[in-house]
1. Counting other beta carbons within 10 Å of each residue's own, what order do ILE361, ILE868, ILE216 fall into, fewest first?
2. Roughly how big is the chain's charge dipole about its Cα centre, with Cβ charges of +1 (Lys, Arg) and -1 (Asp, Glu), in debye to the nearest 20?
3. So which GluC sites (Glu not before Pro) in segment 151-235 end up in coil per DSSP with only 11 or fewer other C-beta atoms within 10 Å?
4. Test of the criteria: in segment 531-586, which GluC sites (Glu not before Pro) are in a DSSP loop and have at most 13 other Cβ atoms within 10 angstrom of their Cβ?
5. Once you wrap a convex hull around the alpha carbon atoms of segment 64-212, what is its projected area averaged over all directions, in nm²?
6. Going by how many other beta carbons lie within 10 Å of each one, how would you line up CYS888, CYS204, CYS94, CYS54, fewest first?
7. About its Cα centre, what dipole magnitude does segment 333-569 give when the only charges are +1 on Lys and Arg Cβ and -1 on Asp and Glu Cβ, stated in debye to the nearest 20?
8. 222 nm [θ] for the chain, helices only, -39500 (n - 2.57) per DSSP H run of 4+, per residue, to 500?
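Every number here is computed from the coordinates shown, using simple stated rules; none is lab data. Keep in mind that this is a model prediction, so the values were computed, not measured. All Cβ positions, glycine included, derive from the backbone under ideal geometry; neighbour counts span all protein chains shown.
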Amino acid sequence: MVSETTKKRRFEQESKSLAVKPKIFHPFRAIGYITNDVPAAFDARGQDFFMTTCVGKNFQIYNLKKMNLLLVGPQASAPLTAIATMNNITFAACGSSLIIYKRAKEIGRITSDSEFVILQLVIFGGHILGLCDDNVLRMWDYKTLELYTQVEFGEDFTASAILHPSTYLNKVLVSSTQGTMQIWNMRTNQLIYAFKSFESPITCLAQTPVVDVVAIGLLNGTVILHNIKMDEKIDTVRQDDRVTAISFRTDGQHVMATANMHGDIALWDLEKRTLVHVMKGAHDASISCLQFLNSQPILVSCGSDNAVKQWIFDNLDGTPRLLKSRSGHHSPPSRIRYYGQDGHFILSSGRDRSLRAFSTIKDAQTVELSQGALAKKAKNYNLKIDELKLPQITQFAASERKQKEWDNILTCHLNDNGARSWSYKNKALGKHVMQTKDTSAAKAVAISSCGNFGFVGCASGSVDMFNMQSGLYRKTFGGESGHKKAVTGVVGDNLNRYLITASVDRTIKIWDFNAATLLHTIALESPVVTMEFQRNSDLLAVACDDLGIRVIDIETQRVVREFWGHRNRITDMTFSSDGRWIVSASLDATVRTWDLPTGNLVDVFKVDDVATSVTFSPTGDFLATTHVDNVGIFLWANKTQFSNVSLRSITDDEVAELVSLPTASGLDEGVEVEVDTGADEDDDIDSKTEQLADDMITLSLLPRSKWQNLLNLETIKLRNKSKEAPKAPEKAPFFLPTLPGVVSKFVAPEKVPMTEDDSHFKSNFSSDYQHETEFTRLLRAGHDSGDFSSFIDYMKTLNPSGIDFEIRSMTLDSELTLLNYFLEAMEYQLRTRRDFELVQAWISAFLNVHGDIIVANPGSIQDRLQNILQSHQKEFTRLSEQIHYGLCLIDFIRKA
């Protein structure tokens, strides 16, 4: 039996685990991921081509025509190791499991008790082949989700790649790291043929457009065209280093493309057996996949540099040019900041020496800011593009105030004494290089709130001011009263009155903006690492080397808050959009949220990878973070925007341990996705229309056309009326007899005299039988019971024409019974305050049809209409009072 102490300990652990979730921020999704080192899968459907790439635990499907992202697959439990596609079906290998998706919905899963990793997948008719790291080739039936057969290779044959040769029924070609190949019949599980060694490990296999001929890529850079039927070598070419991918053109040109691990693509003319062109540095890392689109002069390349590129062969010399591309950072970003006030774009710089603008709404709008014609220079000097880029950006500043007039982004670079200007409008490097006057390295940059001036903080301690339009030097903030060591932060206020600078000399200095004279010096106990300024509240937050965050009021030049809790160096911090919070990240792998009014720590969570930069959306809905060893940008939803969150003070004991980072699909790890099939869509309509309170007015959830078309039904009928009357048939039915003669004449059917019984039945039917519709029956039943809910539900099922027909078909008697009942039903529904706009449309249609009858017959029916009118006025008065009360309250809070 379990002791009471053990039970108590378990209860404490469970209760602690329940309290470790972040209070304010919830993982939303990751952006900036395009592909990784897992080879992509391609599929053709009609005239469109689709590409499926792997991004960690998710896959993404692109339409290559516009290079737009179609959908992101759900998150797997582990990183995907191989993918394959067939029509709308995607096969994804996750460890020893094979998951089958239809679009983004999982429809099947094949699991195994053995521990292995699937390295490659190949569609094999109604089966799928998987090459595993335990040197076993397995074949599954993906319809029955069962293992069909498996081939275990010996110790002298370590499988490295598989290929299903064209027209080879039930046969698969397997290569090895020993340089040998084997052909196996998977139906009989027999070895058909074994090839001799090619004296180098085989790294990839590809089918050529010619039957029986395959391309073999070796580790030493050799590509062999081999006839596997005759076991004869046809041709051999050699490139630099390991062959990672091979593809062939199928549009009439005999061209082969090969890729290596350094990101180069070599193009070979198979007719002349010569090297045509080498695309040096096509990618910044190893190329995992090459694919020529079927019957098109377009080559698609995917690399582990997080980029997908399309190359088109339309030059006269046969060389390709870049047609389209999608890419992200291929090295982890180090600094991010939101750009603009709409929260649409995030500016990002990283160790890949690039500056990018990521869209948080539409991935297709993500772009890298150009640094000039680097591709042409790289080709001329035989260098990689990365080698020609500017040094790594250490800090940047941006202002959207003058983005249409001149450059509005300023960057400083690693070990460089020149700050560069950029144009966000042109998405390119600007024309100004702002050199520091004392030739010391630029350490910090800033742009004034008006967008006219740029500031460059130097390693010597001085700050130079430049004109952003002309790039000309204006003045220097420094001298004897300036900083004695490197500047770590520069910022100006909203009205260009002050310039605030921070340095590792443990001081913060406030300068007169116009005169460049020192106004005040604030001495701190530790060097300043980073600085952030909230212009709306004139609060300055500085992170120091002693692991503390200090908040300074610029108006009083005093430290008003101090926050302690980080246990390692603070990497970055940011203010919330309303200036109430400070969010900070540290090398202790925690992200902390500090509440300025109370001075308390209100949220803290720990992540697997250290956060290097944080920024808060201007709209307050998202927090964006970057992390070491991750090339994406991660968005966290602010839960206070849509739920009540307690902002009580917390301690380090309540740290949310190891919160998973957001994924590309936006789903947490381990969360099961329930897909709504739509079968029970109508079953929950009553629960959806339930009111929050009885005194609230609730609108209908029916489509707007249900009541809008009813109000304009006459106009719609007039517009849809046919222009010509229907014509009579030219020929009589084939079964009518004809009379003999030159002109064919039909024999008219003889009239059968009506008997006395038939005449009696007809008269009784027309006089005594009165048909009662479902509309009328439910209306009468609702009057008798006092509950018209069944009648209202039936009315909702009718289309506008059906409602109009039923209203027009009401039986009229001397008491106008049905008309009274109908208005009684409308009055009943108005009392419930539901379907308000729907009832208005029904009453309007009713009055349009029977208005003249109601006017001509004054009495109880007009009294009922008067009650409905009074009910309308009462509800409108009550609603108007509530609206004006809310507007007055908002106006009072805004002025206060």
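1. Details: ILE361 10, ILE868 16, ILE216 28.
Ascending number of Cβ neighbours within 10 Å: ILE361, ILE868, ILE216.
2. Values: 95 positive and 108 negative charges, 744 e Å.
So the dipole magnitude of the chain works out to roughly 3580 debye.
3. Numbers: sites: GLU152, GLU155, GLU199, GLU232; in loops: GLU155, GLU199.
The qualifying sites are GLU155, GLU199.
4. Details: sites: GLU532, GLU555, GLU562; in loops: GLU555.
For GluC sites (Glu not before Pro) across segment 531-586 that sit outside H, G, I, E and B with at most 13 neighbouring Cβ atoms in 10 Å, the list reads GLU555.
5. Details: hull surface 41.2 nm².
Spelled out: convex hull of the Cα atoms, projected over all directions, averaged, 10.3 nm².
6. Numbers: CYS888 10, CYS204 23, CYS94 19, CYS54 26.
Listed from fewest to most nearby Cβ atoms, that is CYS888, CYS94, CYS204, CYS54.
7. Details: 33 positive and 24 negative charges, 167 e Å.
For segment 333-569, the charge dipole is close to 800 debye.
8. Details: 13 runs with 162 residues, N = 896.
Mean residue ellipticity, 222 nm, calculated: -5500 deg cm²/dmol.
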